[in-house]
Amino acid sequence: MATAYDSLTEPIKAAPRTGGGTAGRDRVTPGRIAKYALLLLFVVIVLIPVYVLLVTSFKGTGDADPSRAWSLPQVWTLENWSGAWAALQAPLWRTIALVVPSSLISAILGSMNGFVLARWRFPGADIIFTLILFGMFIPYQAVMIPLVQLMLNSGIPSGVPTLIVLHVIYGLPITTLIFRNYYQSVPNELVEAARVDGAGMLRTYWSVVLPISVPSFVVVLIWQFTSAWNDFLFAVFFSSSRNGPVTIALNNLANGAMLTDYGISMSGALLASLPTLLVYVLLGKYFIGGLMSGSVKG
Amino acid sequence: MPKNIRRWGPPLLLVSPSLILLAVFVYGLLAINAKTAGTDNHTAAQTTGRAPVQWVWFDNFVALLGSESFQHSLKNLVIYTVVFLAGTMFFGFLWAFLLDRPVRFEGWFRSIYLFPMAVSFVASGVVWRWLLNSNQGEAASGLNRLFQNVGLGFLQNNWWNNPDWGIAAIAIPAIWQMSGYVMALFLAGFRGIPEELREAARVDGANEWQLYRHVLFPQLSPVALSAVIIVGHMSLKAFDLIMSISKPANYQTKVPAIDMYQFKLSFDYANAAAVGVILLVIVAILIVPYLVHINRAEKH
Amino acid sequence: MRTRRTITALVAGIAASSLLLAACSSNNNEEPGGTGGAQGNDASEVEVFTWWASGSEKLGLDALVKVFEEQHPDTKFVNGAIAGGAGSAAKELLQSRLQAQDPPDTFQAHAGAELTDYINAGQLEDVSNLYDEFGLRDAFPKDLVDRLTVDGKIYSVPSNIHRANVVWANPTVLKDAGLDPEATYATLDDWFGALDKVKASGKTALSVATTWTQVHLFETVLLSTLGADAYNGLWNGSTDWAGADVTKALENFEKLMSYTNTDRDGLDWPDATQQIIDGKAGFNVMGDWAEAAFQEAKKQAPADYVYFPVPGTDGVFDFLADSFTLPVGSKHPGGTKNWLNTISSLDGQIAFNKAKGSIPARKDAAPSEFGAYQQSAMESFGQDTIVSSLAHGAAAPVATLNAISEAVSKFTTGAGDLATFQSDLVAANAG
């Protein structure tokens, strides 16, 4: 009999069998045709902006104009891509250097918090969790100016180091939430057994809880990766075009010139989205699997 | 007693770095912000101490909420939130519903629907600015031109240039980006429902539609609530998208976050802080009951 | 119990540290050192903060840096350029840095009222002594120096001058509409007749873009309808915003907007200029940085485009200037001084303006070094009445400009009528 525990080790559960007498799996019915047609229609709709991005990125100057948005390039050229790569190469590496450490650290901290708040509790744990969670909802603009002052006084260099610190701190609420919900769906027997055996908190965490946390780590890492990669607000305030991530560089590329070069802006936009896109393509099923294991239930 | 401390001390210690960080970076800074909002610090000179600053308590809030300009922003925020929420919930749920039963290439469909979430608002702003161009007829480009090309010319409209409903057009890119996430939530929700429940309903003679309507959908209400909260609070912060597509100076798509930005640029820190506090209060009104509800639900 | 006390102590500690933080931050608002001469005279480097990160602006900056390296080889140039929307991202960052007392060594700002807030906040040093040292009081026109002087002190050094009240037109479109491409128009009413003809021929009569370009158009209408003196009076309080002549100007503005393209709010100024280049629109009002757009599109005047002052403003030079400052607390004031020396020097201004397409602030630059449009602009600058641009930070401080912009946007999007527009403008200028 399938248990919640089994789903922890499979990336995704297969869809349940339809069962019932009449709806066979491979029968071609009007209903199924309608379903596929609908799904395909949505694919087209979702990909419309991508089409424009792609097509414009291969157009030369003059061709890359809003009035010719829908037509294919008159002359296919790669100069936008090489230009975008030249402009975004260094920022891309800097963004990776920013996103990977901050995702890992905030995931680890979130995991420890989630474990403690879900399974190794103490008086006031729920209140503390609520206080932590509230931090997720604040509008960042509300704290921006005092934050700038604070980070300046802290002595942490601007650019990647400051951004890592900020993404870790402001990522704590969501990572704690995801892990806490996940650990709540883990059978209590596991932790209790360890406790009965005399294991302390850290030991229990290290040898019992951490090994089964993989799906949740995947969800958190994907989420933090994306949100740090796409962040613009913090990047603008705490870094510059010299030491900042790819969102700043892309903004410079797309909005900086007096005469906007649309071709290079679009290729830049695609280039800047490539890493997160790869993450979703490769790890998408783990994302859903992780969500399924109770990470973000209500 | 010492035994209790040994039991509760470590977890408290483990979670205390996070607590201290959040106390400073969330609550401390919010307190500073609230303090600024209660002063008359409307110029740069006051901020650097060259002109006196006085407490005005709630005057800034009263003035803001009474001004036609800010009311327009609030109205836009409501429209944006409703359209954004409705759109993402509708498409997310629909896609999850379509994909729940076995479908070939499910992985492909899922990846494609989820993919817009990978794009940053700065990047998507680049292309959506083109698509939402408001010219119609001869000079049309963007989506209006596409509608003409496929024979749906009657759908043309002036998108975000509409002074009353323009903000709803800005919600479209946001819906495009976030529906995939809602789909993932609902799909996880669907798949998380134990097989036994479905079997039991079928044994009882329910057909597929009744199975969905009376058994599966109700099971999804916690997931739906989660989605509404997470997506809803994002709309309150909506800023990057508007900056990319319609620029801050446009009256049609003004929202409170934009007002805050403009106040800040005008060195009017007190009003910027006041807008921040108002946004926070709106968020709190929606979120705090939810948090309390989770808290209580878990005690059972 | 002891555990409860521990928890209470912890919570109290967190609360206390939050309050302490609040108290500490509010005390961090005293500026360092006072007036003249910050920390020593360090000239080892200079961090130059601008929004000239691409296009002809970057070319201008590069040309300037070359001259700087020749004139001051011992000072290292550090490029702090931040791109984005006519400096909005840069202005935000600059504000934070100034407030956090970490200013760049020098920053770009529009000369004139835009600096008011920084001056009042005590964030800029008085550079009048540099004007004397570099002989700038003679090199710059007196009118200009007067406009930059606040309470007897000067706070920035201009690098270039732009003119805002210029109409650009496509002669082919005009001919097709039955107009003489060489014609100029004495008043706005004359111009309306021409605009009608272009509209009737099926093209956009007047191309315009997003809000700031509409404010730009608005200021030229104010200038044309009110005349130079009354226009100046708008900014020093002697002209009444609620008066009948302002109402007339608003009516003219309303009529002009009726000739414009409907997608204007989603465009930026190059798109509107492009409509002239492509022959989709007849007329466009923009500052003379548009000249760079025509050059880049390899267009020639008068075959491909013509230009003339906005009808009713002939003999008036609506100026705006980019300038550089010396912030209080700059880490390398010696470096800044060298930079200010270069940008105000003859070689520096010639190199910069040739690349950027504007004209030097100095009177003694030889016009022959520059292109045809620039020569005509330099001549005008030398003899016309000079007034300050609203849309580009010379005439009004930031808060006022933002309020006027919101009023304009509200009006042009149809969310308010003319009377509301006028009362919004009165309110905007009351503060």
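Coordinate-derived values only; no laboratory data. It should be emphasised that the depicted structure is a prediction, and the values quoted were computed from it without experimental measurement. So basically every Cβ, Gly included, is an ideal-geometry build from the backbone, and we count neighbours across all protein chains shown.
For segment C:237-245, putting each phi into the Karplus relation 6.51 cos²θ - 1.76 cosθ + 1.60 with θ = phi - 60° gives couplings of x, 7, 9, 8, 5, 8, x, 5, 6 Hz, in residue order, rounded to whole numbers and with x for Gly and Pro.
Across segment B:1-87, the mean sequence separation of Cα contacts (distance under 8 Å, 6 or more residues apart), normalised by length, yields a relative contact order of 17 percent. Here's the picture: a label point sits 7 Å out from the Cα of A:SER154 along the beta-carbon direction, and within segment A:99-126 the residues with their amide nitrogen under 14 Å of it are A:102, A:106. Projecting the Cα positions of C:ASN284, B:GLN54, B:PRO116 onto the charge dipole of the protein assembly as shown (unit charges on Cβ atoms of Lys, Arg, Asp and Glu, taken about the Cα centre) puts B:PRO116 furthest along the positive direction.
A dipole drawn for chain B from +1 and -1 charges on Cβ atoms has a positive end, and of B:SER246, B:VAL203, B:TRP128 the residue lying farthest that way is B:VAL203. Modelled label positions at C:GLN375 and C:ASP143, each set 7 Å beyond Cα in the direction of Cβ, lie 2.2 nm from each other. With helices as the sole contributors, chain B gives -22000 deg cm²/dmol at 222 nm; each DSSP H run of n ≥ 4 counts as -39500 (n - 2.57), and the sum is divided by every residue.
For chain B, averaging the sequence separation of C-alpha pairs within contact (under 8 Å, six or more residues apart) and dividing by the residue count gives a relative contact order of 28 percent.
For segment A:80-293, a crude dipole built from +1 on the beta carbon of Lys and Arg and -1 on the beta carbon of Asp and Glu, taken about the Cα centre, is about 160 debye to the nearest 20.
Under unit Cβ charges (Lys, Arg +1; Asp, Glu -1), what dipole magnitude, rounded to 20 debye, does the protein assembly as shown have relative to its Cα centre?
5340 debye
Of all lysines in the structure, the ones whose alpha carbon falls short of 21 Å from that of A:LYS285, not counting any fewer than 8 places away in one chain, are A:LYS13, A:LYS297. For C:LYS197, the aspartates and glutamates whose Cα comes closer than 14 Å to its Cα, not counting residues fewer than 8 places off in the same chain, are C:ASP176, C:ASP180, C:ASP189. With the simple model of a label 7 Å out from the Cα in the direction of the Cβ, B:GLU68 to B:ASN149 spans 4.2 nm.
Taken residue by residue and averaged, Cβ atoms of other chains lying within 10 Å of the Cβ of B:230-240 number 3. Taking other C-beta atoms within 10 angstrom as a stand-in for reagent exposure, A:SER227, B:SER244, C:SER201 fall in the order C:SER201, A:SER227, B:SER244, fewest first. Taking the C-alpha atoms only, the angle from helix C:398-412 to the longest principal axis of chain C is near 40 degrees. By how many degrees, 0 to 90 and rounded to 10, does the Cα axis of helix C:372-383 deviate from the longest principal axis of chain C? Tilt relative to chain C: about 80 degrees. Efficiency by 1/(1 + (r/R0)^6): what FRET value for C:THR420 and B:ALA284, r their Cβ-Cβ distance, R0 = 35 Å, to the nearest 0.05? Efficiency, from the Cβ-Cβ distance: 0.55.
Spatially close Lys pairs in chain B, defined by Cα atoms under 24 Å apart and a spacing of eight or more places or different chains, total 11.
Once fully extended, how much extra length lies between C:ASP245 and C:ASP189, figured as 0.36 nm per residue of separation less the alpha-carbon to alpha-carbon distance?
Residue separation times 0.36 nm, minus the Cα-Cα distance, leaves 18.6 nm.
Specify the inter-centroid distance of segment C:82-143 and segment C:272-327, based on alpha-carbon positions, in whole Å. Spelled out, the Cα-based centre of one part sits 26 Å from the other. Remark: mean inter-chain Cβ contacts per residue of A:222-231 equal 3, using a 10 Å Cβ-Cβ cutoff to other protein chain atoms. The modelled label-to-label distance for the pair A:GLN89/B:ALA86, using points 7 Å beyond Cα in the direction of Cβ, is 4.9 nm.
Ranked by the mean number of other Cβ atoms within 10 Å of their residues, highest first, the peptides B:43-50, B:247-254, B:205-212 come out as B:247-254, B:43-50, B:205-212.
Order these by the 10 Å Cβ neighbour count, fewest first: A:LEU78, C:LEU223.
A:LEU78, C:LEU223
Listed by chain and number, the lysines whose alpha-carbon sits under 25 Å from that of C:LYS356, ignoring those within fewer than 8 places in the same chain, are C:LYS58, C:LYS66, C:LYS76, C:LYS91, C:LYS142, C:LYS298, C:LYS299, C:LYS337.
Estimated from helices alone, the mean residue ellipticity of chain C at 222 nm is -15500 deg cm²/dmol (sum of -39500 (n - 2.57) over DSSP H runs with n ≥ 4, per residue). The stretch between B:GLN210 and B:ILE20, if pulled fully straight at 0.36 nm per residue, gains 63.3 nm over its current Cα-Cα span. Partner shielding of A:51-63 amounts to 2, given as the average count of beta-carbon atoms from other chains within 10 Å of each residue beta-carbon. Sequentially through segment B:106-118, phi angles give Karplus couplings (6.51, -1.76, 1.60; θ = phi - 60°) of 3, x, 5, 4, 4, 4, 5, 5, 7, 4, x, 5, 6 Hz, Gly and Pro residues having no value and appearing as x.
Using the rule -39500 (n - 2.57) for each DSSP H run of four or more residues, divided by the residues of chain A, the 222 nm mean residue ellipticity is -21500 deg cm²/dmol.
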